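Enquirer: The structure under discussion is supplied below as structure tokens; questions concerning it will follow.
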Amino acid sequence: MLTVSLHGIRVVAPIGMYAIEKTEPNTFETDVDVWVRTEDDKEWPFIDYAIINQIVTAAFTPDKETLEELVQQIHADVKATFTDAEKVKVCIRKLQPRLDTPAAYSQVCWEG
């Protein structure tokens, strides 16, 4: 099994459930892992991580409010683009979320 990963894709976007997050954007980091089956006697599939980067950055539109929406869209778009993928994992972190106490990040992941 071949795994191609692109981690720490950083995007600043006005995404969130609170009004302040629309005017003071949040910083997000996204990790994407793509697993494809390989065979010794066949050419291995090519997973272009530049395309993964484009998929991730294109998903961060102001109409999104939750990390769950973003994870679902990115996961679906990666699976649709790389049809050889047996499994895709997407994790999105909102860095330093606005909470009453300090937190490094909140995170949502989907693997399948």
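The values are calculated or read from the model by the stated rules, or taken from the named source; none is laboratory data. No experiment lies behind these values; they were computed from the predicted model shown. Reconstructed Cβ throughout: ideal geometry from the backbone, glycine too, with neighbour counts over all protein chains shown.
Enquirer: Here is a check on your reading of the model: is residue 65 of a type in the set (Asp, Glu), in a helix (DSSP H, G or I) and over 23 Å from residue 1 (Cα atoms)?
Expert: Against the criterion (of a type in the set (Asp, Glu), in a helix (DSSP H, G or I) and over 23 Å from residue 1 (Cα atoms)), residue 65 does not qualify.
Enquirer: Quick test for you: out of 13, 19, pick the one residue that is of a type in the set (Gly, Ala, Ser) and under 15 Å from the mean Cα position of the chain (by Cα).
Expert: Among 13, 19, only 13 is of a type in the set (Gly, Ala, Ser) and under 15 Å from the mean Cα position of the chain (by Cα).
Enquirer: List pairs: first residue in region 89-112 and closer than 21 Å to residue 24 by Cβ and small (Gly, Ala, Ser), second residue surrounded by fewer than 16 Cβ atoms within 10 Å (Cβ to Cβ) and modelled with pLDDT of 95 or more anywhere in the structure, Cβ distance under 8 angstrom, at least six positions apart or on different chains.
Expert: The qualifying pairs are 103/96; 104/95; 104/96.
Enquirer: Specify the residue that is surrounded by the fewest Cβ atoms within 10 Å (Cβ to Cβ); the eligible residues are those in region 1-32 that are of a type in the set (Val, Ile, Thr) and touching a helix residue (DSSP H, G or I) at 6+ places or on another chain (Cβ under 7 Å).
Expert: Once the filter is applied, the top-ranked residue is 4.
Enquirer: Looking at region 38-52 only, could you name the residues that are under 14 Å from residue 79 (Cα atoms) and either charged (D, E, K, R) or assigned to a helix (DSSP H, G or I) (or both)?
Expert: 48, 49, 51, 52
Enquirer: Next up: Answer yes or no as to whether residue 50 is closer than 25 Å to residue 16 by Cβ and either over 9 Å from the mean Cα position of the chain (by Cα) or not hydroxyl-bearing (Ser, Thr, Tyr) (or both).
Expert: no
Enquirer: What residue, of 76, 85, is aliphatic (A, V, I, L, M) and either surrounded by fewer than 16 Cβ atoms within 10 Å (Cβ to Cβ) or out of contact with any strand residue (DSSP E or B) (no Cβ under 9 Å at 6 or more places or on another chain) (or both)?
Expert: Answer to the selection: 76.
Enquirer: Taking only region 11-35 into account, find how many residues are assigned to a strand (DSSP E or B) and of a type outside the set (Gly, Ala, Ser).
Expert: 12
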